[in-house]
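Participant: If you scroll down you'll find the structure; I have some questions about it.
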Amino acid sequence: MSRRVVRTSKFRHVFGQALKADQCYDDIRISQMTWDSTFCSVNPKFVAMIVDASGGGAFMVLPLSKTGRIDMSYPTVCGHTGPVLDIEFCPHNDNIIASGSEDCSVMIWEIPDAGLTTSLTDPVVKLEGHSKRVEFNMSSSVL
């Protein structure tokens, strides 16, 4: 007769606690696009999220210290004519972010140190000429 050994988990009695509302990001309209993306990117200074926008694509860049309810009129980064599919921060400069879109373009943006005070519409660089919509591959960095 064989004896079955059941391995017990050392995490069996570990429970998490939800953060308070003032420590979370609240009231952000995340994009409803069906695309294989995380719809967000983060670095030591900012968190960026792709949001629903009419007339093209947009994403929001928030300083990590700005938590709580985010006003609907908060400035966004908007310059694509199609929905933004993916965003990625530069690994070497915390103020640089790239966005790839369904309009077959990549745009490079520079975020001010204090965060956005007005909406950004003009990218630092616009890379055009792709034949398909643009997504970023985690194994090969765009920046």
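Participant: Please verify whether Val51 is in contact with a Leu (Cβ under 6 Å, 6 or more places away or on another chain) and under 27 Å from Asn93 (Cα atoms), treating the condition exactly as stated.
Facilitator: Details: in contact with a Leu (Cβ under 6 Å, 6 or more places away or on another chain): no; under 27 Å from Asn93 (Cα atoms): yes.
Taking the combined requirement at face value, the residue does not satisfy it.
Participant: Of all the residues that make up segment 83-112, how many are exposed (fewer than 15 other Cβ atoms within 10 Å of the Cβ) and not in a strand (DSSP E or B)?
Facilitator: Looking only at segment 83-112, we keep the residues that are exposed (fewer than 15 other Cβ atoms within 10 Å of the Cβ), and these are 91-94, 110, 112.
Narrowing further to those that are not in a strand (DSSP E or B): 91-94, 112.
Residues flagged as exposed (fewer than 15 other Cβ atoms within 10 Å of the Cβ) and not in a strand (DSSP E or B) within segment 83-112 amount to 5.
Participant: How many residues does segment 36-46 contain that are out of contact with any Gly (no Cβ under 9 Å at 6 or more places or on another chain), buried (at least 18 other Cβ atoms within 10 Å of the Cβ) and not in a loop (DSSP other than H, G, I, E, B)?
Facilitator: Qualifying residue count, segment 36-46: 1.
Participant: Going through segment 50-82 one residue at a time, which ones are open to solvent by 20 Å² or more (accessible area, probe 1.4 Å), among the hydrophobic types (A, V, I, L, M, F, W, C) and modelled with pLDDT of 90 or more?
Facilitator: Matches in segment 50-82: Leu64, Cys78.
Participant: Among the residues that make up segment 68-78, is at least one of them over 27 Å from Lys132 (Cβ atoms), part of a strand (DSSP E or B) and of a type in the set (Lys, Arg)?
Facilitator: Start the filter on segment 68-78 by keeping residues that are over 27 Å from Lys132 (Cβ atoms), which leaves 68-75.
Next cut, part of a strand (DSSP E or B) only: 68-69.
Adding the requirement that they be of a type in the set (Lys, Arg) leaves 69.
Scanning segment 68-78, I find at least one residue that is over 27 Å from Lys132 (Cβ atoms), part of a strand (DSSP E or B) and of a type in the set (Lys, Arg), so the answer is yes.
Participant: Name the pairs: first residue in segment 9-28 and over 16 Å from Leu64 (Cβ atoms), second residue in a loop (DSSP other than H, G, I, E, B), Cβ to Cβ under 8 Å, at least 6 apart or on different chains?
Facilitator: Asp27/Ile70; Asp27/Asp71; Asp27/Met72
Participant: Here's something else I'd like to know. Considering only segment 113-135, state which residues are in a loop (DSSP other than H, G, I, E, B), exposed (fewer than 15 other Cβ atoms within 10 Å of the Cβ) and aliphatic (A, V, I, L, M).
Facilitator: Ala114, Val124 - these are the residues of segment 113-135 that are in a loop (DSSP other than H, G, I, E, B), exposed (fewer than 15 other Cβ atoms within 10 Å of the Cβ) and aliphatic (A, V, I, L, M).
The values are calculated or read from the model by the stated rules, or taken from the named source; none is laboratory data. Note that this is a predicted model, so its numbers are computed, not measured. Every residue, glycine among them, receives a Cβ derived from its backbone with ideal geometry; neighbour counts consider all protein chains shown. In case anyone asks, the SASA skips ligands and DNA or RNA and just uses the protein heavy atoms, side chains included. Shrake-Rupley method; radii C 1.70, N 1.55, O 1.52, S 1.80 Å.
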